[in-house]
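One structure below.
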Amino acid sequence: MTGLSRRRILGSLAAGSVALAAPSIVRAGAGSARVVIVGGGFGGATAARYLKLRAPQLRVTLIEPARRFYTCPFSNLYLAGLRSWESIGHGYDGLRGAGVELVHAQAEDVDTRLRTVRLSTGQTLGWDRLVLSPGVDMRWNALEGYDEAASLLAPHAWKAGPQTQLLRRQMEAMEQGGTFVMVIPENPFRCPPGPYERAAMLAHYFSRHNPRAKILLLDAKDNFSKKGLFQQGWKALYGDMIEWVGLTDDGQVTRVDAKALEVQTAFGQVHKASVLNVIPPQKAGFIAERAGVVDASGWVPVKAESFETQRVAGIYALGDATIAAPMPKSAFVANTQAKLAAAAIVAELTGRVPPVASYANTCYSLLAPGYGISVAGVYRAEQGGIAEVPGSGGVSPANADAAFRAAEAAYGESWYAAICADIWGR
């Protein structure tokens with residue numbers, strides 16, 4: 001199957017998942033029901049929009065502290081100077097216009113017995129169904145020496161915001177010929193291809209502003225998403241600027257000294273950085289723990305057919321916070337999970353037949369302007385879990401020509417514009 005035909009099929013499947021049978025009128029008993037959603041990113045904001053789309057009479061409240069959401073997708077392009085900061089920011093007026101109630105506050109606690117959410121304002125909201133899409137939190141001190149204070153010196157930049165802007169300032173100020181060191185965790189973590197796209201975007205920036213710079217990637221694993229394609233592209237585009245060291249070759253970092261900008265690996269080797277970017281181990285956002293829906297892994301187990309949590313009935317979880325392998329923790333996945341969950345909630349409240357659980361993912365990575373690669377897959381609920389549909393996906397071909405790589409880069413731009421319009425209205 002060619003990459004182009006594969007993308008047409010995936011596009012059709014994704015469109016089909018959006019069109020899951022939605023009742024136009026909520027029955028009287030469900031018309032007054034309230035769904036509260038925590039988190040206004042790719043999962044939560046999508047759920048809010050599609051709940052109102054499927055059931056206009058349903059009361060939908062979205063809790064999100066930020067008045068403008070900055071996306072992790074395309075934040076690496078901001079680091080490279082290929083995107084402005086505001087180009088990856090999105091407001092919530094479109095959701096308000098769709099009838100969603102917005103509450104800009106922090107959700108601090110969940111009472112599953114009373115079915116309430118307590119906010120940082122002191123307000124308490126009742127819910128009939130609760131959707132949690134809190135993204136990830138960092139596991140501070142899981143990596144010796146790396147806590148929240150250390151992140152102000154050696155930023156993770158794994159949540160788009162001040163950390164991303166700090167990392168950009170540091171790389172712009174890095175001395176000529178300096179070494180940028182990136183620490184990459186073992187799986188699972190948000191956006192598996194993200195560190196490797198970031199390396200390419202850094203190399204693009206340095207090749208123009210600091211051509212003698214080196215980028216050292218210290219990785220806690222031996223394999224990663226689109227590994228062959230990334231390594232091929234790095235070499236072709238940037239020569240020896242990027243060096244990747246995997247687990248077997250002593251790439252696992254065990255200690256961080258943020259003040260000294262040093263890291264130590266499992267075999268005792270110390271690496272000194274000019275700029276240090278530490279991506280630490282992660283877990284579900286803290287409100288998931290407060291709701292009692294996480295397991296010992298720190299992530300949320302869900303029912304594959306609906307994304308209702310396994311631990312608490314009436315609570316649904318989406319996106320990066322969930323245990324949903326083999327689906328990756330990606331924006332595309334959060335969006336498709338949210339659409340399925342919205343359909344499942346409306347079906348439950350209206351007594352309709354629940355939707356057939358089908359999910360899709362495509363993840364585009366940019367290595368340079370006009371040079372893109374991708375990975376894609378289609379998934380379904382199967383035997384109590386989630387399985388990839390055989391033959392449904394794959395990665396970009398290894399020996400594609402320049403026109404194909406340019407097309408993939410264009411697809412990535414179009415995907416970002418389309419998904420943001422789908423969610424936030426532009």
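Each reported figure results from applying straightforward, stated rules to the coordinates on display, with no laboratory input. The structure presented is a predicted model; accordingly, all values stated were derived computationally and were not measured. So basically every Cβ, Gly included, is an ideal-geometry build from the backbone, and we count neighbours across all protein chains shown.
One table, with the values for the structure above:
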item: Leu95, Leu130 arranged by Cβ crowding within 10 Å, fewest neighbours leading; result: Leu95, Leu130
item: Label point distance in nm, Ser414-Phe286, each placed 7 Å from Cα along Cα→Cβ; result: 4.3
item: Alpha-carbon gyration tensor eigenvalues x 5, square-rooted, for region 140-278, Å; result: 20, 18, 15
item: Calculated SAXS-style log₁₀ I(q)/I(0) at q = 0.16 Å⁻¹ - region 68-150, Debye, Cα scatterers; result: -0.96
item: Rg over Rh [alpha-carbon atoms, Kirkwood Rh] for region 223-332; result: 1.09
item: Taking Phe267, Phe332 and counting other C-beta atoms within 10 Å, the order from fewest to most; result: Phe267, Phe332
item: Antiparallel DSSP beta bridges within region 140-278, as percent of all bridges there, nearest 5; result: 30
item: Aspartates and glutamates with Cα under 12 Å of Lys303, excluding same-chain neighbours fewer than 8 positions away; result: Glu382
item: DSSP beta bridge pairing in the chain, given as percent antiparallel to the nearest 5; result: 55
item: Spatially proximal lysines relative to Lys214 (Cα-Cα < 24 Å; intrachain offsets below 8 disregarded); result: Lys226, Lys227, Lys235, Lys259, Lys272
item: Value of D in µm² per second that Stokes-Einstein yields for region 298-397, Kirkwood Rh from Cα pairs, at 4 °C (1.567 mPa s); result: 90
item: Pairwise centroid distance, computed over Cα atoms, of region 373-410 with region 191-223, Å; result: 23
item: Residues Lys226, Lys259, Lys303, sorted so that the one with the fewest Cβ neighbours within 10 Å comes first; result: Lys259, Lys303, Lys226
item: Exceeding the 18 Å Cα-Cα cut-off - candidates Lys159/Lys283; Lys159/Lys329; Lys159/Lys221; result: Lys159/Lys221
